[in-house]
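See structure below.
The values are calculated or read from the model by the stated rules, or taken from the named source; none is laboratory data. Nothing here was measured: the structure is a model prediction, and the numbers come from that model. Every residue, glycine among them, receives a Cβ derived from its backbone with ideal geometry; neighbour counts consider all protein chains shown. Areas reflect the complete protein model, heavy atoms only, side chains present, ligands, DNA and RNA absent. Shrake-Rupley method; radii C 1.70, N 1.55, O 1.52, S 1.80 Å.
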Amino acid sequence: MRRFCPSLTDLQAFEVAARHSSFTRAAQELCVTQGAVSKQVKHLEDFVGVQLFLRIRQGLVLTEAGQAYLKKIQAGLGQIEAATVELMAHQGRGGTLHLTCMPTFGARWLIPRLAAFMRLRPDIHVEFLPHRQGYDFSTPELDAAVRFGEGIWPGSGADYIVGRDVVPVCSPRLIPHEGAQAAELLDYPLLHHTSALEGWLDWLEQAGCDTRRAREGARFDQYALLSQAAAAGFGIALVPRCLIGDELVDGTLVVPVQLPIRARQGYYLCYPEQKAGLPMLQAFRAWLMEVSLAAEPRLDAESHAEPATPAPAGALVLRPGAAT
């Protein structure tokens, strides 16, 4: 189907003329005559049926319609230019994978491992977009996002990475030894992550403990803050083991109770269904699934719910349900 779109030459002439408020200066930038630019802009106005400029003695002034059109045209031309530069730079091989990631997970788990992917696929560059864009797959440049939840996001693929292996942690000054009983943790303040407020309730239920105080205590919106609060002696925090490896090694945090308890939430690689077949995403996904299995082996029960080997390249896992 033929697209209803004006010529790229006319759009470029309009954009440059709008930036300079002058056909003459636009002609100088485009290395054409002033008359050619004027003709191209007039051709664009005839095509859309809307006046884009007011021609006055002092120069050009955008109409209200022209101002609104310019903002959208500049964004589109920028995307075309970026895509062309990327294609020329990579000569059709690899490219840039645009990703968003939860800040703590990115800093503590993904970034330290990402150098291995870069060595494996030097033709693919991973670019991190602002985290706030990670829940809006309508953004055309966003290819995938690392999200935290139960793996239910309608319309997107969701592959479990790590994070459901959670442990209670605290400062060694609070509980100086391992091997405490689960019920003993209720003698101390419980610390919570704002996105996992059912975490302590689930953990205490699985540990066979009283759950009446499960929702009491201070709340933090990042696991980095939560683990720091635990290290400072604020109380006992429930944190994915994958995020605190360094603290457990250097003794900043200790795990007073060792129980193989799995949380309902974890970190997932999510991607829009229309991009599931993107070669760069397939390569990154296959690598990430292999690394995640090595970092957090699945329990037998989990291996039935979630495959212990990566799904075939390009396979899309859709999970119906309400967004969390």
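Checking the structure you have, find out if any residue of segment 264-271 is free of Cβ contacts under 8 Å to residues at least 24 places away in the same chain and not assigned by the TED database to the domain that holds residue 196.
Keep residues of segment 264-271 that are free of Cβ contacts under 8 Å to residues at least 24 places away in the same chain, which gives none.
No: segment 264-271 contains no residue that is free of Cβ contacts under 8 Å to residues at least 24 places away in the same chain and not assigned by the TED database to the domain that holds residue 196.
Could you identify the single residue in 315, 294 that is at pLDDT 50 or above and either of a type outside the set (Lys, Arg) or within 23 Å of residue 96 (Cα to Cα) (or both)? Steps first, please.
Numbers: 315 fails: at pLDDT 50 or above.
Of the residues listed, the single one that is at pLDDT 50 or above and either of a type outside the set (Lys, Arg) or within 23 Å of residue 96 (Cα to Cα) (or both) is 294.
Among the listed residues 221, 202, identify the single one that is within 23 Å of the chain's Cα centre (by Cα) and among the charged types (D, E, K, R). Break it down stepwise before answering.
Details: 202 fails: within 23 Å of the chain's Cα centre (by Cα).
Result of the check over 221, 202: 221.
Only one of these is free of Cβ contacts under 8 Å to residues at least 12 places away in the same chain, of a type outside the set (Phe, Trp, Tyr) and touching a Ser or Thr at 6+ places or on another chain (Cβ under 9 Å): 34, 67, 51. Name it. Reasoning before the result, please.
Details: 67 fails: touching a Ser or Thr at 6+ places or on another chain (Cβ under 9 Å); 51 fails: free of Cβ contacts under 8 Å to residues at least 12 places away in the same chain.
Being free of Cβ contacts under 8 Å to residues at least 12 places away in the same chain, of a type outside the set (Phe, Trp, Tyr) and touching a Ser or Thr at 6+ places or on another chain (Cβ under 9 Å) holds for just one of 34, 67, 51, which is 34.
Condition check: closer than 30 Å to residue 141 by Cα, touching a residue at least 60 places away in the same chain (Cβ under 8 Å) and open to solvent by less than 40 Å² (accessible area, probe 1.4 Å). Does residue 45 satisfy that?
Values: closer than 30 Å to residue 141 by Cα: yes; touching a residue at least 60 places away in the same chain (Cβ under 8 Å): no; open to solvent by less than 40 Å² (accessible area, probe 1.4 Å): yes.
Spelling it out, it is not the case that residue 45 is closer than 30 Å to residue 141 by Cα, touching a residue at least 60 places away in the same chain (Cβ under 8 Å) and open to solvent by less than 40 Å² (accessible area, probe 1.4 Å).
Can you pull out the residues in segment 189-206 that are open to solvent by 30 Å² or more (accessible area, probe 1.4 Å) and not in a loop (DSSP other than H, G, I, E, B)? Explain how you work it out, then say what you get.
Kept after step one, since they are open to solvent by 30 Å² or more (accessible area, probe 1.4 Å), are these residues of segment 189-206: 189, 194-195, 197-198, 205-206.
Result: 205, 206.
Tell me, yes or no, whether segment 106-120 has at least one residue that is outside the structural domain of residue 197 (by the TED database), more than 30 Å from residue 204 (Cα to Cα), in a loop (DSSP other than H, G, I, E, B) and of a type in the set (A, V, I, L, M). Reasoning before the result, please.
First, pick out the residues of segment 106-120 that are outside the structural domain of residue 197 (by the TED database): 106-120.
If we keep only those that are more than 30 Å from residue 204 (Cα to Cα) as well, we get 111-120.
Pick out the ones that are also in a loop (DSSP other than H, G, I, E, B) and you get none.
No, that holds for no residue.
Here is a yes/no grid of residues against (1) β-branched (Val, Ile, Thr); (2) closer than 24 Å to residue 230 by Cβ; (3) loosely packed, with under 13 Cβ neighbours inside 10 Å; (4) outside the structural domain of residue 247 (by the TED database):
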position: 140; (1), (2), (3), (4): no, no, yes, yes
position: 154; (1), (2), (3), (4): no, no, yes, yes
position: 171; (1), (2), (3), (4): no, yes, no, no
position: 174; (1), (2), (3), (4): no, yes, no, no
position: 177; (1), (2), (3), (4): no, yes, yes, no
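Name the one entry in 288, 269 that is within 24 Å of the chain's Cα centre (by Cα), part of a helix (DSSP H, G or I) and at pLDDT 95 or above. Spell out the reasoning first.
Numbers: 269 fails: part of a helix (DSSP H, G or I).
Exactly one of 288, 269 is within 24 Å of the chain's Cα centre (by Cα), part of a helix (DSSP H, G or I) and at pLDDT 95 or above, namely 288.
State which residue is surrounded by the fewest Cβ atoms within 10 Å (Cβ to Cβ) when the search covers only segment 1-38 and only residues that are among the small types (Gly, Ala, Ser) and not in a helix (DSSP H, G or I).
The initial filter retains those residues of segment 1-38 that are among the small types (Gly, Ala, Ser), namely 7, 13, 17-18, 21-22, 26-27, 35-36, 38.
Now restrict to residues that are not in a helix (DSSP H, G or I): 7, 21-22.
Working: 7: 12, 21: 15, 22: 17.
For segment 1-38, the residue satisfying everything is 7.
Restricting to segment 167-222, what's the tally of residues that are of a type in the set (Val, Ile, Thr) and in contact (Cβ under 8 Å) with a residue 60 or more places away in the chain?
Applying the first criterion (of a type in the set (Val, Ile, Thr)) to segment 167-222 yields 167, 169, 175, 194, 211.
Retained after the next criterion (residues that are in contact (Cβ under 8 Å) with a residue 60 or more places away in the chain): 167, 169, 175.
Going through segment 167-222 one residue at a time, the tally reaches 3.
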